[in-house]
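Since every read-out is calculated from the coordinates, none of them should be taken as a lab result. Since the structure is predicted, the reported quantities are computational estimates derived from the model, not experimental observations. Because the Cβ atoms are built from the backbone with ideal geometry, glycine has one as well, and the counts that use them run over all protein chains shown.
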Amino acid sequence: MQPHAPSSADRSLVEFWFDFSSPYAYFASLEMDGLAERTCAVVIWRPFLLGPAFKTTGTQALTSLPLKGDYARHDWRRIARLHSYPFEVPTPFPQSALAATRMYYWIEQQDAAKAVPFARAVFERYFTRPFDLSDASTVSQLAAEFGFEMNEAFFGSQSPEIKERAKALGAEAIARGAFGAPFFFADGEPFWGWDRIPMMERWLTTENENRSFWGGGRQTSDEGET
């Protein structure tokens, strides 16, 4: 007999918090399907803005910091070569991801099944070709490729309701301890950075009762799958 896939109630939950302008978040986005398949986890995609997180921690974007900025650019290209990921440092860089973040939550509200494919498309455009991540009209044109009327998407993503949802979720991420991107909560356990994905996978494949040596344990969330 073939083994039965675990039910949704039995599956681990991974919250993938990211800023669309983060190269490390882009690399992580390319690995979420594989992680979900190997661990049977439900992965929730949650864009947020790093700017407020940087204000909370008193830091700045990597590229604005001496030495760290040069290293980061070298590291991004090295990761892309190692994994054969298509990648170009956008010009200008970084750009505000506010328009794309709001559009993601508007699309999720309209048709949740299209939100993650839209997010993947934003990442792909921004890190492989010229794409103005900060421009609401450009982002609306991309939304139209997913079957939405461009003007409706433009104005819908600028509605007070969507603005407040994006702002509130970003505040929630920071309040829970997210200070960089990508940031993950795996059954409530925090992991920061693309390079923590293998560690997170080990956590997810460790039986819950044996997680005590990690210093954490399973927590539940009210979020649903997207």
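For GLU189, the amide hydrogen comes within under 5 Å of the amide hydrogens of GLN219, counting only partners 5 or more places away or on other chains and with H modelled in the peptide plane. In order along the range 193-199, the phi-based Karplus estimate (6.51 cos²θ - 1.76 cosθ + 1.60, θ = phi - 60°) of 3J(HN,Hα) comes to x, 4, 6, 8, 4, x, 5 Hz; Gly and Pro are listed as x. In sequence order, the range 178-191 has phi-based couplings of 6, 10, x, 9, x, 10, 10, 10, 9, 6, x, 7, x, 9 Hz under the Karplus curve 6.51 cos²θ - 1.76 cosθ + 1.60, θ = phi - 60°, and Gly or Pro positions carry x.
Using only side-chain charges placed at the Cβ, +1 for Lys and Arg and -1 for Asp and Glu, the dipole size of the range 167-208 relative to its Cα centre rounds to 200 debye. Neighbours of ALA99, meaning other residues whose beta-carbon lies under 12 angstrom from its beta-carbon, give a summed charge of 0 when Lys and Arg score +1 and Asp and Glu score -1. Could you name the aspartates and glutamates whose alpha carbon sits less than 16 Å from that of LYS114, not counting residues in the same chain fewer than 8 places away? In chain and number order, the partners are ASP33, GLU124, GLU145, GLU149, GLU152, GLU225.
Of the beta bridges DSSP finds with both residues in the chain, what % are antiparallel, to the nearest 5? Percent antiparallel among DSSP bridges in the chain is about 55.
Please work out the Cα center distance from the range 13-46 to the range 104-177, rounded to the nearest Å. First find each Cα centre; the distance between them is then 17 Å. Only DSSP H runs of four or more residues enter the estimate; each adds -39500 (n - 2.57), and after division by the residues of the chain the mean residue ellipticity at 222 nm equals -14000 deg cm²/dmol. Computed about the Cα centre, the dipole magnitude for the range 12-214 is approximately 600 debye when only Lys and Arg (+1) and Asp and Glu (-1) carry charge, each at its Cβ.
Under a 5 Å amide H cut-off, with hydrogens placed 1.01 Å from N, ILE44 pairs with VAL14, GLU15, PHE16 among residues at least 5 apart or on other chains.
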